[in-house]
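The values are calculated or read from the model by the stated rules, or taken from the named source; none is laboratory data. None of the values given here were measured: they were computed from a predicted structure. Please note: Cβ atoms are built from the backbone with ideal geometry, for glycine as well, and neighbour counts cover all protein chains shown.
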Amino acid sequence: MIYTKNLAYAHPNGRLLQFPDLACEGGNALLITGPSGAGKTTLLHLLAGLLRPASGDVQVGGTSLPQLKPSAMDAFRGKNIGLVFQRSHFIASLSIKENLLLPAALVKEDHPRERLPLLADKLRITALLHKKPAQLSQGEQQRASIARALLQSPQVLLADEPTASLDDHNCEAVAQLLAEQAQQQNAALLIVTHDNRLKQIFKDHIQLL
Ligand SMILES: Nc1ncnc2c1ncn2[C@@H]1O[C@H](COP(=O)(O)OP(=O)(O)OP(=O)(O)O)[C@@H](O)[C@H]1O
């Protein structure tokens, strides 16, 4: 599970952003919405330990992220936090399979390789594994990036505008997949978005001002 307390962040030369406390248990989903500039991406980066707060705490499964040194934070993120972005950021010259297994190869773990066939099957990307990223549609790339985020069996799945570039059909399919997979893996799912279509799918919702 993940929760925050009194979280604030100061961008260099920017205003102090203060965030409402949030909590999400494994298997649950929370939508974080708000107007442009409200701090949605900043909050997501704080939750992922990619930014360090000016004050306050982020806890993932009992570990306080601001207490971790940068190298320990990177290792913790690799094991416990899955990230999905609006664009998938795959390496163009590698196949989808190579892209998906790259993070595990870097930390010399076999577990994701063993999990890949089942996960690929569930996300309907088995036939795409040997293709290059540019050969996939947006919706297919997004399903592949969900597989990449889930391969390490993270405690928390963080998604930044995962459906913004998708049509209604793919938006709903990707949202359902995120929810279903997070529930099956007992991961806490947090989605940052201004996509109103997602409010119909996810009931728990925090609005940043
Ligand atoms: N690198 C930066 N340096 C200074 N200020 C920044 C920086 N990045 C973001 N900000 C400011 O922090 C605030 C929050 O930005 P953030 O990108 O988190 O908002 P957002 O809600 O995700 O917006 P959008 O929906 O437009 O992506 C904004 O006022 C923005 O101008």
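Here are the numbers for this structure:
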| read-out | value |
| --- | --- |
| The listed residue being among the hydrophobic types (A, V, I, L, M, F, W, C), over 13 Å from the mean Cα position of the chain (by Cα) and more than 14 Å from T33 (Cβ to Cβ), out of A173, A182 | A173 |
| Selected residue (criterion: nearest to the chain's Cα centre (by Cα)) from residues of region 25-75 that are of a type in the set (D, E, K, R) and part of a helix (DSSP H, G or I) | K40 |
| Test result for A92, of a type in the set (A, V, I, L, M, F, W, C), at pLDDT 95 or above and not in a helix (DSSP H, G or I) | yes |
| Test: residue in region 6-29 that is within 16 Å of the ligand (Cβ to nearest atom), in contact with a His (Cβ under 6 Å, 6 or more places away or on another chain) and within 26 Å of Q185 (Cβ to Cβ) | no |
| Members of region 77-89 that are small (G, A, S) and either outside any helix (DSSP H, G or I) or more than 30 Å from T63 (Cα to Cα) (or both) | G82, S88 |
| Residue identified as closer than 19 Å to G39 by Cβ and either of a type outside the set (A, V, I, L, M) or surrounded by fewer than 24 Cβ atoms within 10 Å (Cβ to Cβ) (or both) among I191, I206 | I206 |
| Top-ranked residue of region 65-99 - restricted to ones that are surrounded by 13 or more Cβ atoms within 10 Å (Cβ to Cβ) and of a type in the set (S, T, Y), ranked as nearest to L46 (Cα to Cα) | S88 |
| Residue list for region 50-95, restricted to those being without any contact (Cβ under 8 Å) to a residue 60 or more places away in the chain and of a type in the set (A, V, I, L, M) | L50, L51, A54, V58, L65, L68, A72, M73, A75, I91, A92, L94 |
| Tally of residues being more than 13 Å from the ligand (Cβ to nearest atom), within 16 Å of L16 (Cβ to Cβ) and hydrophobic (A, V, I, L, M, F, W, C) across region 34-72 | 0 |
| Qualifying residue in region 1-23 (condition: part of a loop (DSSP other than H, G, I, E, B), over 26 Å from I125 (Cα atoms), among the hydrophobic types (A, V, I, L, M, F, W, C) and under 15 Å from the mean Cα position of the chain (by Cα)) | yes |
| Index of the failed condition, A92 passing every other in (1) among the small types (G, A, S); (2) within 16 Å of the ligand (Cβ to nearest atom); (3) touching a Lys or Arg at 6+ places or on another chain (Cβ under 8 Å) | (2) |
